[in-house]
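**Student:** First the structure, then my questions, so here it is.
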Amino acid sequence: MGTESYKKSYRHLIQALVYNNVKVDSEYYNLGVLHKEQKQYGKAIKMFQKALSENKYNNKAKFEQVLCADNYYKTNESKLELYQEYKLYFEGENKRNDEIVNSRISHFKELIHLEGSTKQVQK
């Protein structure tokens, strides 16, 4: 998406948020997607969190939040925690997402285990 198109989409979504007096989780979700596409992961995470504040059952927002955190957060423990949280609340709602989440959970558990082993060897 080009910069001008991004700005136009962003402006329309902000206007929708300002003028609507209903649940706006889908607008926050869409803003999060726009930020994610621009690799603005911190902003995207905040928008997905706002979507979840409006609708805690929005599994798409939670999944996208977790994917952004995977690119944004520094520690494997933080990333693992969010994947496990997604699994706790949304497992079974989307097979593809479940496969990704389970794979990433295994990956981060392995990395954390290896980090712990490396620290012990260095002592």
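**Student:** I'd like the full set of residues that are more than 10 Å from residue 65 (Cα to Cα), aliphatic (A, V, I, L, M) and surrounded by 15 or more Cβ atoms within 10 Å (Cβ to Cβ), limited to the stretch 20-34.
**Tutor:** 24, 31, 34
**Student:** In the stretch 55-80, which residues are over 15 Å from residue 108 (Cα atoms), basic (Lys, Arg) and not in a helix (DSSP H, G or I)?
**Tutor:** The one that is over 15 Å from residue 108 (Cα atoms), basic (Lys, Arg) and not in a helix (DSSP H, G or I): 56.
**Student:** Additional query: Considering each residue of the stretch 43-58, count those that are farther than 18 Å from residue 13 by Cβ and either crowded, with 18+ Cβ neighbours inside 10 Å or touching a His at 6+ places or on another chain (Cβ under 8 Å) (or both), and give that number. Don't jump to the end; show me each part of the working.
**Tutor:** Restricting attention to the stretch 43-58, the residues satisfying the condition of being farther than 18 Å from residue 13 by Cβ are 56-57.
Subset that is either crowded, with 18+ Cβ neighbours inside 10 Å or touching a His at 6+ places or on another chain (Cβ under 8 Å) (or both): none.
Residues in the stretch 43-58 being farther than 18 Å from residue 13 by Cβ and either crowded, with 18+ Cβ neighbours inside 10 Å or touching a His at 6+ places or on another chain (Cβ under 8 Å) (or both): 0 in total.
**Student:** Moving on to the next point. Restricting to the stretch 25-54, name every residue that is in a helix (DSSP H, G or I), farther than 21 Å from residue 98 by Cβ and among the basic types (Lys, Arg).
**Tutor:** Result: 43, 46, 50.
The rows are residues; the columns are (1) closer than 29 Å to residue 113 by Cα; (2) at pLDDT below 95; (3) of a type in the set (Ser, Thr, Tyr).
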site: 14; (1), (2), (3): no, yes, no
site: 23; (1), (2), (3): no, yes, no
site: 26; (1), (2), (3): no, yes, yes
site: 35; (1), (2), (3): no, no, no
site: 46; (1), (2), (3): no, no, no
site: 63; (1), (2), (3): yes, no, no
site: 82; (1), (2), (3): yes, no, no
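**Student:** Evaluate the following for residue 92: is it surrounded by fewer than 17 Cβ atoms within 10 Å (Cβ to Cβ) and not in a helix (DSSP H, G or I)?
**Tutor:** Here the answer is yes, as residue 92 does meet what is asked.
**Student:** Six or more apart or on different chains, Cβ atoms under 7 Å: show the pairs whose first residue is in the stretch 35-59 and over 12 Å from residue 71 (Cα atoms) and in contact (Cβ under 8 Å) with a residue 24 or more places away in the chain and whose second is in a helix (DSSP H, G or I) and among the acidic types (Asp, Glu).
**Tutor:** Pairs that qualify, where the first residue is over 12 Å from residue 71 (Cα atoms) and in contact (Cβ under 8 Å) with a residue 24 or more places away in the chain and the partner is in a helix (DSSP H, G or I) and among the acidic types (Asp, Glu), are 51/25; 54/25; 55/25; 58/25.
**Student:** Within the stretch 95-118, restricting attention to residues that are aliphatic (A, V, I, L, M) and under 18 Å from the mean Cα position of the chain (by Cα), which residue is surrounded by the most Cβ atoms within 10 Å (Cβ to Cβ)?
**Tutor:** It comes out as 101.
The values are calculated or read from the model by the stated rules, or taken from the named source; none is laboratory data. Computed from a prediction, not measured in an experiment: that's the story for all the values here. Counting neighbours? That spans all protein chains shown, and the Cβs are built from the backbone with ideal geometry, glycine included.
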